[in-house]
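For reference, the structure discussed in these notes is given below.
Coordinate-derived values only; no laboratory data. This is a predicted model, so every value here is computed, not measured. Virtual Cβ from ideal backbone geometry, glycine too; neighbours counted across all protein chains shown.
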Amino acid sequence: MITFANVTKTYPDGTVAVDDLSMEVPTGTLTVFVGPSGCGKTTSMRMINRMIEPSSGTITVDGRDIANVNPVKLRLGIGYVIQSGGLMPHQRVVDNVATVPVLKGESRRTARKAAYGVLERVGLDPKLGDRYPAQLSGGQQQRVGVARALAADPPVLLMDEPFSAVDPVVRDELQAEILRLQGELQKTIVFVTHDIDEAIKLGDRVAVFGPGGTLQQYDAPARLLSNPANEFVSGFIGTDRGYRGLQFRQASGLPLHDVQTVKEADIDALTLAPGDWRLVTRDDGRPYAWINADGVQLHRGGSSLYDSTIAGGSLFGPGGTLRLALDAALSSPAGLGVAVDDAGQVIGGVRAEDVVEALEKQRAT
């Protein structure tokens, strides 16, 4: 557990970066510090490994006052991930990952051997260990940064806006990877971001920092959305709190409607009335796109399947939430979100009105 007790950081010019912070980060949880620029979230995180020293107050890690721990020894026992990975460009990837174990006394041979395994754990081909950072994509570099932080198996992991420099697609992949790893490793993670959506997606608990380095609210994401503590928190979260809150409500029991499907080979024989849709599926039963009467005519006239159909939007899979179900329904041109099984095959469709009805039932219980 990480504990802040009345921690304040004031710089020589009088600027208060963190003001009387008191909170606990439970062991084995992923806690997100979020807020606008200059609110003290990164300063608070960096005080945990004494990269920044507090002006007053006490920080303990697993009951030990970190002020009494040698700063170098403290940092070697805490994983640290920063933007763009922070890799040493002159060293091969495997040596970057092995850095902390070597500094802690392991032989280079042993540390390198273990580093290849850590690369695989974070979803990278171990063969990439023989490359230099510049030979990797941005997303791969960031995974290497995570691998380096995990190499010495620290109980605490600090992550300072690690995904802010990558594109949205890679960011989604990295977020999913962090959640997968945390499910396996159960580290105590403090993750800093300015993105409230990222905070809600990743955090077991979320600490919202405001002007002057003040902690505005510290809560579970679902409660943050349903009951913001004050006007600042409400404004920072935004106006679509209700929609975001659907991601914490399971869609079990949501009715599935029949979806009429068609294979490409049978499209030209279709007769569709205006407003009718068919879901075009691949030979293996997975969804491809939707087609209507106009699309059938285009296909008969020689247009490609791609040009004759309309993308089907997002899919709703097993164990999904009401937010995923609603998004699938709203993004479908047919108004029917496609539900799939674990193999990606179509098993039915969901309607937006069913999601609303399910929400009302859950609220009533």
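Ranking Asn6, Leu202, Gln182 by how far each Cα lies toward the positive end of the dipole of the chain (charges on Cβ) leaves Asn6 at the top. Straight-line reach from Lys9: which lysines fall under 21 Å, measuring Cα to Cα and dropping same-chain residues less than 8 apart? Answer for Lys9, where 21 Å is the Cα cut-off: Lys41, listed by chain and number. Computed from the Cβ-Cβ distance with R0 of 56 Å, the FRET efficiency linking Ser252 to Asp13 stands at 0.50.
What's the FRET efficiency of Leu305 with Asp240 using the Cβ-Cβ distance as r and R₀ = 45 Å, to the nearest 0.05? Walk me through the intermediate numbers first.
On the way: r = 35 Å, r/R0 = 0.78.
Using R0 = 45 Å, I get an efficiency of 0.80.
Determine which lysines satisfy two conditions relative to Lys104: a Cα distance under 28 Å, and not lying fewer than 8 residues away in the same chain. Of all the lysines, those that pass the test against Lys104 - Cα under 28 Å, at least 8 places apart if same chain - are Lys73, Lys113, Lys127, Lys187. Counted residue by residue at 0.36 nm each, then reduced by the alpha carbon distance between them, the extension gain from Thr271 to Glu360 reaches 28.2 nm.
Can you say what percent of the DSSP beta bridges in the chain, counting only those with both residues inside, are antiparallel? Round to 5. Let's see the in-between values first.
Details: 30 of 52 bridges.
Percent antiparallel among DSSP bridges in the chain is about 60.
The charge dipole of segment 268-365, taken about its Cα centre with unit charges on the Cβ of Lys, Arg, Asp and Glu (plus for the first two, minus for the last two), comes to roughly 120 debye. Our estimate of slack between Asn230 and Ile347, defined as 0.36 nm per intervening residue step minus the Cα-Cα distance, is 37.8 nm.
Taking every C-alpha pair closer than 8 Å and separated by at least 6 residues, the mean separation divided by the residue count of the chain gives a relative contact order of 15 percent. Extending 7 Å from Cα along the Cβ direction at Asp195 and again at Gln260 yields two label points whose distance is 4.1 nm.
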